[in-house]
Each structure stands twice: as structure tokens, then as C-alpha cells.
1. Which of the residues belonging to region 125-157 are of a type in the set (A, V, I, L, M, F, W, C), touching a helix residue (DSSP H, G or I) at 6+ places or on another chain (Cβ under 7 Å) and surrounded by fewer than 17 Cβ atoms within 10 Å (Cβ to Cβ)?
2. Exactly one condition in (1) of a type in the set (A, V, I, L, M); (2) assigned to a helix (DSSP H, G or I); (3) more than 20 Å from V7 (Cα to Cα); (4) open to solvent by less than 100 Å² (accessible area, probe 1.4 Å) is false for A66; which is it?
3. Of all residues being open to solvent by less than 80 Å² (accessible area, probe 1.4 Å), in a loop (DSSP other than H, G, I, E, B) and not aliphatic (A, V, I, L, M) in region 28-52, which is modelled with the highest pLDDT? Just the residue, please.
4. Quick check, is R114 free of Cβ contacts under 8 Å to residues at least 12 places away in the same chain, part of a helix (DSSP H, G or I), under 21 Å from the mean Cα position of the chain (by Cα) and surrounded by 10 or more Cβ atoms within 10 Å (Cβ to Cβ)?
Amino acid sequence: MDCIKMVVTMNPCPCGYYPDMNRCTCTAGEVSHYLGRISHPLLDRIDLCAQVSPVQYRDLKRQKKAEASWQIRQRVEETIRIQEARYQKESICFNGELHGSLIEKYCTLTEDARKLVENAFQKMKLSARSYHRILKVARTIADMQHSETIAREHIAEAISYRGFDKKYRG
């Protein structure tokens, strides 16, 4: 089964330096107008949003040991195996393909997780599509931690990846 993935990137403003106010030459209105050009239906189709901050030279010189690529790959491959095993009797392979009744079947939440996602749905004025995307991302986060049930911390992390909801929707 073929799966189409989309990765998008953008500058936060016309000059590309916002929020670094020492370099950004844009007015607040220009930044707001620039960010407002992204359609809400497009944003609803984005699962993960990460803002990348500039790296400082002093941070490059730190000798902090990062996780090795082979370790990350191992974790991802294990998560793929978990999902393939779970969905072997379904017509899907991965959490991102969940729909309708399959979301209900496989995205089992703890009571705390349910309360958190309900509160987020109300306060963030999420669409049904956004709500389902949060559940699917949380399911993947739970899989990476070998958890059968989606817990509050899984929902919280999934919600944090929707950082564009506030930034681009006002």
C-alpha cells in the first residue's frame, strides 16, 4: 500500500528572521499577514509542527552526547513492527491511516487523557480532523513507549506538536 507523506517548511516572516528581533526587519503587521496566508484546511492536514530555533555557537561547542542515529532508527523500526502487528487483520499498516471506527477501536485513552483532549478540543476550537490527528499522533507516541493505552502525557505531547493552531489561527 502506497502512502503519501508531505513535509513542509516555511519562514516565519517575509525576511525570514522572526522572532529574532535583532535581525528581523518586518513589522508586526507584516508577520501577522504573512502567517495568515496559510489556509486553515491545509493546517488541519498537518500532524506535527516543530519550530526550529537558531543554534548558538556556544551550543555547538558543548560536548553533550546526543542519541546516535542507529538508536533512533532502532526505536522507529520497533514502533513500525508494533503497528504492523496490531493492524495485521485490518486494511491499514500504520496509525496515520486510522479512520472512523478504527480510531475508536485502537485509540484507547485513560480517563485523564480523555479529559485533557476534551478540554483541548473546546479551548483550542479544534476541528474533528484535528482531534483525530491528535489521537493518531498520541497513539504513535504511546507505541514508542510500548504503552497499550494512550495516557495523558501522550495526548499532551501530541497537542504540543499542533503549535501552529494558536500561531496561525489567532
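1. M144, A156
2. Only one criterion is unmet by A66, namely (2).
3. G36
4. Values: free of Cβ contacts under 8 Å to residues at least 12 places away in the same chain: yes; part of a helix (DSSP H, G or I): yes; under 21 Å from the mean Cα position of the chain (by Cα): yes; surrounded by 10 or more Cβ atoms within 10 Å (Cβ to Cβ): yes.
Criteria met by R114.
The values are calculated or read from the model by the stated rules, or taken from the named source; none is laboratory data. Note that the structure is predicted; figures quoted are calculated from it, not measured. Cβ sites come from the backbone with ideal geometry, for glycine too, and all protein chains shown count toward neighbours. Side chains are part of the model used for accessible areas, which takes the heavy atoms of the whole protein and leaves out ligands, DNA and RNA. Shrake-Rupley method; radii C 1.70, N 1.55, O 1.52, S 1.80 Å.
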